[in-house]
Amino acid sequence: MINREFSGFIKNLMPRVQKKVDLDSPVSMWREMDRLGGFPEKTTVVIFRTTGCSWYNFSSCSMCGYFNDISPDVGIENLYHQIDHVVSSLDTEALKVFTSGSFLDPLEFPLSAREYFFSSIKGKVERLLVESRTEYIRKSNLEDLPLDAMKVRVAIGLESASDSIIINSINKGSSFSKYVAAAEILKDLGVELRTYLLFKPPFLSEKQAIDDMLYSIKKAQPYSKDVSVNPMNIQSNTYVEYLWKRGLYKLPRLWSLARILIESENSGVDVVSYPTGGNKERGVHNDNPDPQLLQLIYESSLNQNFEDLKNYYAESDRSLYERTIELESLNLLQADYDKMIRKDGSFIIN
Ligand code: SF4
């Protein structure tokens, strides 16, 4: 289930020299609103610095630049220090843990560090979310989850329910059937599942990307507690950045994201979107920045109330947007033509 030529190209874009970093501190930690308990609440987010995703040994996903934050020198003692750092400033009942890879990969986050982490947060955290690739979701690898002490949700990056998009646009090294197998194991254990979907991977028109999200939400619904639609953002040293800089990739619009949320309102699963880099050059944006629309997308996701978003969507003039995405869908090459053609009329591709 791998396009080897595509994987190899992505691998060659990944930097070989690692920056000097503080191994005893997480990459970052902040607080944001989420609804792990089914209601909006302040949630701590931490990105532990680790040796990184196992998939980096072979390649990377086309949009993923998390390898920029890893270090091959992170050892178990460093992880203990990072855990202490997090626990000492923990002041919310909900915690989300990212690792630039898979928290449940025992090579990336060893079992002893996992055990130390779970024992350190017991009694402090009520709701925990960790991320993992599907291959680490096996019963034997989940026995130590602290299910008696807190609600645990595992997030899986399905990205798309279409295997051809997973292989040829994302290079995930996974498949929909692997996702289903992992989801069933989580269900058996009473662990909740958050499914991540990637809105507008390369080579898809905006209309195809919208259809892909609506289809994927439907496919993920029976297994998921919630589905997070993550619109593309451009990360450094990635394949998507390579295309974007050459005008060969166009970011999705906020209008399209709003449409996905509105059309999924009654899909039987909570669908949320908290876009990274929204309204910025490297994130989801309309041709003209629209802070109100972005805010409505955040608020409707958080509150699972889409009335204000629907009203704004219905009352706005979207005719130019509608015409443009219709025309774009007729193009063979899904490029950003405004970006590709320089002011003097020459092309920027090299
Ligand atoms: S599986 Fe996750 S961490 Fe690994 S390369 Fe893909 S997006 Fe990045």
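Read-outs: derived from the displayed coordinates by stated rules, not from any lab. Not measured: the values here are computed from a predicted model. Quick reminder, even Gly has a Cβ in these numbers, built from the backbone with ideal geometry, and neighbours come from all protein chains shown.
Details
- Estimated FRET transfer efficiency (Asn288, Met29; beta-carbon r; R0 35 Å; 0.05): 0.55
- Total formal charge among the other residues, if their Cβ is under 10 angstrom from that of Ser102, Lys/Arg +1 and Asp/Glu -1: -3
- In range of the label at Tyr80: residues from region 26-56 whose backbone nitrogen is under 18 Å from the point 7 Å along Cα→Cβ: 26, 49-51
- Computed over every Cα-Cα pair of region 1-85 and binned at 5 Å starting from 0, the pair-distance distribution P(r) comes out as 3, 12, 19, 16, 15, 14, 11, 7, 2 percent.
- Between Tyr242, Tyr312, Tyr298, the residue with the greatest mean-square fluctuation in the GNM of the chain (Cα pairs under 10 Å linked by springs) is Tyr312.
- Reachable aspartates and glutamates, given that their alpha-carbon falls under 17 Å from the alpha-carbon of Lys310 and they are not under 8 places away in the same chain: Glu263, Glu265, Asp270, Asp290, Glu299, Glu322
- Once both labels are positioned 7 Å from their Cα atoms along Cα-to-Cβ, the gap between Ser177 and Glu115 label points is 3.7 nm.
- Extension gain, Ile341 to Ser319: 0.36 nm times the residue separation minus the Cα-Cα distance gives 5.5 nm.
- For the chain: relative contact order, % (alpha-carbon pairs under 8 angstrom, 6 or more apart): 15 percent
- Value of Rg/Rh across region 242-350 [Cα atoms, Kirkwood radius]: 1.03
- Computed from backbone phi, the HN-Hα couplings of region 194-202 come to 9, 9, 8, 10, 9, 8, 6, x, x Hz, rounded to whole numbers (Karplus: 6.51 cos²θ - 1.76 cosθ + 1.60, θ = phi - 60°; Gly and Pro given as x).
- For region 199-249 versus region 89-146, the gap between their alpha-carbon centres in whole angstrom: 26 Å
- Only helices enter the 222 nm calculation for the chain: every DSSP H run of n ≥ 4 contributes -39,500 (n - 2.57), and dividing by all residues gives -10000 deg cm²/dmol, rounded to 500.
- Distance between region 292-313 and region 1-65 - C-alpha centres, whole angstrom: 28 Å
- Residue with peak Gaussian network fluctuation, the chain [Cα springs, cutoff 10 Å], from Ser273, Ser54, Ser319: Ser319
- Residue order for Lys151, Lys42, fewest other beta carbons within 10 angstrom first, comes to Lys42, Lys151.
- Each listed q (0.13, 0.15 Å⁻¹) maps to a log10 I(q)/I(0) for the chain from the Debye sum over equal C-alpha point scatterers, namely -1.06, -1.40.
- Of the GluC sites (Glu not before Pro) found in region 79-153, the ones in coil according to DSSP and having at most 11 other Cβ atoms within 10 Å of their Cβ are Glu143.
- With 23 Å as the limit, the listed pairs Lys11/Lys187; Lys280/Lys339; Lys20/Lys339 have Lys11/Lys187; Lys20/Lys339 beyond it between alpha carbons.
- Between Ala149 and Phe9, the FRET efficiency estimated from the beta carbon spacing at R0 = 41 angstrom works out to 0.35.
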